[in-house]
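Just below is one structure, and these are the notes that go with it.
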Amino acid sequence: MSDLERVVPGSTGAESGLVERARDRLASLPLAGAAAAGYVRDRGGYFLNIAYPSMQAMETVIEEQIYPETDNGVDDSKSEGRNVALYVHVPFCSAECYYCHYYKEFKKPEDKVDSFLDGVESELETHESNLESINARSVYIGGGTPSYLTPDQMDRLFGIIKARVSIEDGAEVSFEMHPESSDEDRLAVLNAHGVNRINIGVESFDDRLLAAENRRHTRQQAIEALERARAAGFPNVNIDFIYGLKGQTIPIWEDTLNTIADLRPSSATLYYLRLKRGTPEYKLYAKYPEKFPTEEDLLTMHAMTFERLEGDLGYTQNPVDWFIRDPKYFHTYQDHNWRKSDETALLGIGPSAYSYMNGWQYYNVNDTDQYLAAVNQGKIPVWRGGKLEGDERMRRTIMLGIKMGMDRRNFQNTYGEDVVDAFPREWEALSDLGLVEVQPEAVVLTYKGKLLADEVGKTFYSEEMRQRMAQVDPHIVSTTWPQINK
Ligand SMILES: C[S@@+](CC[C@H](N)C(=O)[O-])C[C@H]1O[C@@H](n2cnc3c(N)ncnc32)[C@H](O)[C@@H]1O
Ligand code: SF4
């Protein structure tokens, strides 16, 4: 049996109090009405709203479309783009985790990483000259695995960024680490450069499950990584988990939640497994769906997460998927990206990164060699994109903003129209289904709505974008998987 097919056996046993509470909560909702209206989560068609429109609905674009020169020679696109949430995608990992859909390359030598850093430098230089200046309100270095870089390369990356981007005082600066490369030398570099939020991928606290996903660390090593980061002076350490992995049972998920309770991280992200075409996990699911938790179990796990983290421990989910121990650990970068995207542009650097700037949603090419070929010629490595016209911008603002709650006054100030008046039919339907609550100052997801947040967001897809998506192979749902770029 291959590594990939080695799956932990499901454990059974008496139902715990937590499971009972979760099931009772679900039974009290009920979800049938929403399901009949098409609001269901299912792995096969799960659609994560992280950008609008989705990459599949976009056309190939070139740099000049995004940064047009006007007749009088003045680039009027410069004005909005300067205040940004900066994302840098580091596309390297030591090996492949079987569920992971992000764009990355494995085991690349140091000189390849150095070339990538040269590329980041060129790409930032091009943006700097287009925008005249770049002011970062928040920074997120993600991937891939940014801690794949050596301490010297990490130091160089921050040097490159700081030479071209002015980072606001007190801005949140996040850096992703894998437990296997979360040593003191790397943490010292992060400290020296003012990183104030670390994100560690843990995924599960079950050793068999970690091995079955090729995670390359144990439960104990993950705990040590968290403790090392705290001891190095980082109070804000977020840890990532996934529910829906093969062999993950309800008791295993409960144990993971209980371990989170023991460790009390400042925040934790608990993601629903996205099965993306091309990943080993997707292939395995197609062959052996019975080795994965059922949709019903996934719903129970989701409700268990709320019961344990919000109910027992006082964490708050905001935005969707992120549970924070205290409001001070609210993830500002994500707020800029989703709720404040009309005030703070998103500037994505690196292969597969996406940006939202001056009303343009665009995606960088997801191939490191093509990326380097473009940036080394002083070009922005755009691949697909589109300018949001008419009410498309509003739609995007709602689709992402609803994950944190829509501030009605902000929306009114931006668009000159109340968010409820802009889409009365949609809000009424969502409200009748018990998915959202329209309040005097805000529109927020109800508990039921939080269980189906991405589906609620999907309601706001325009007819044109729906049609474009329908023309695409429905299985191609990844925004970053490299094979679909060829
Ligand atoms: C770039 S990785 C985190 C840092 C580092 N590379 C690591 O794995 O430890 C970002 C996170 O995305 C999540 N993720 C990746 N693929 C996913 C999938 N298919 N479904 C849900 N979450 C996923 C995982 O929780 C992962 O920790
Ligand atoms: S989860 Fe992290 S380490 Fe694993 S393949 Fe994805 S980016 Fe790389």
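The values are calculated or read from the model by the stated rules, or taken from the named source; none is laboratory data. Just so it is clear, the structure is predicted and the values come from calculations on it, not from any experiment. FYI the Cβ positions are ideal-geometry reconstructions off the backbone, even for glycines, and counts take in every protein chain you see.
Miscellaneous remarks
- For segment 137-162, taking the residues that are part of a helix (DSSP H, G or I) and within 13 Å of ligand 2 (Cβ to nearest atom), the one that is surrounded by the most Cβ atoms within 10 Å (Cβ to Cβ) is identified as 147.
- 3 or more residues at pLDDT below 95: qualifying helices (runs of 4 or more DSSP H) within segment 259-338: 280-287, 332-338
- Filter result for residue 205 (within 16 Å of ligand 1 (Cβ to nearest atom), buried (at least 22 other Cβ atoms within 10 Å of the Cβ), in a loop (DSSP other than H, G, I, E, B) and not aliphatic (A, V, I, L, M)): yes
- Considering only residues in segment 164-181 that are within 19 Å of residue 239 (Cα to Cα) and out of contact with any Ser or Thr (no Cβ under 6 Å at 6 or more places or on another chain), the one that is farthest from ligand 1 (Cβ to nearest atom) turns out to be 173.
- Of all residue pairs spaced 6 or more apart or on separate chains, those with beta-carbon atoms under 7 Å, a first member in segment 168-183 that is under 17 Å from residue 90 (Cβ atoms) and a second member that is among the hydroxyl-bearing types (Ser, Thr, Tyr) and surrounded by fewer than 20 Cβ atoms within 10 Å (Cβ to Cβ) are 180/94.
- Test result for residue 310, closer than 25 Å to residue 407 by Cα, surrounded by fewer than 20 Cβ atoms within 10 Å (Cβ to Cβ), without any contact (Cβ under 8 Å) to a residue 60 or more places away in the chain and assigned by TED's automatic domain parsing to the domain that holds residue 176: yes
- Qualifying residue in segment 242-250 (condition: in the same structural domain as residue 284 (by TED's automatic domain parsing), more than 16 Å from ligand 2 (Cβ to nearest atom) and not small (Gly, Ala, Ser)): yes
- Matching option when the condition is modelled with pLDDT of 95 or more, more than 23 Å from residue 468 (Cβ to Cβ) and either of a type in the set (Lys, Arg) or surrounded by 22 or more Cβ atoms within 10 Å (Cβ to Cβ) (or both), among 409, 395: 409
- Taken together, the residues in segment 438-473 that are part of a loop (DSSP other than H, G, I, E, B), of a type in the set (Val, Ile, Thr) and surrounded by fewer than 18 Cβ atoms within 10 Å (Cβ to Cβ) amount to 2.
- Verdict on residue 73 being modelled with pLDDT under 85, in the same structural domain as residue 123 (by TED's automatic domain parsing) and of a type outside the set (A, V, I, L, M, F, W, C): yes
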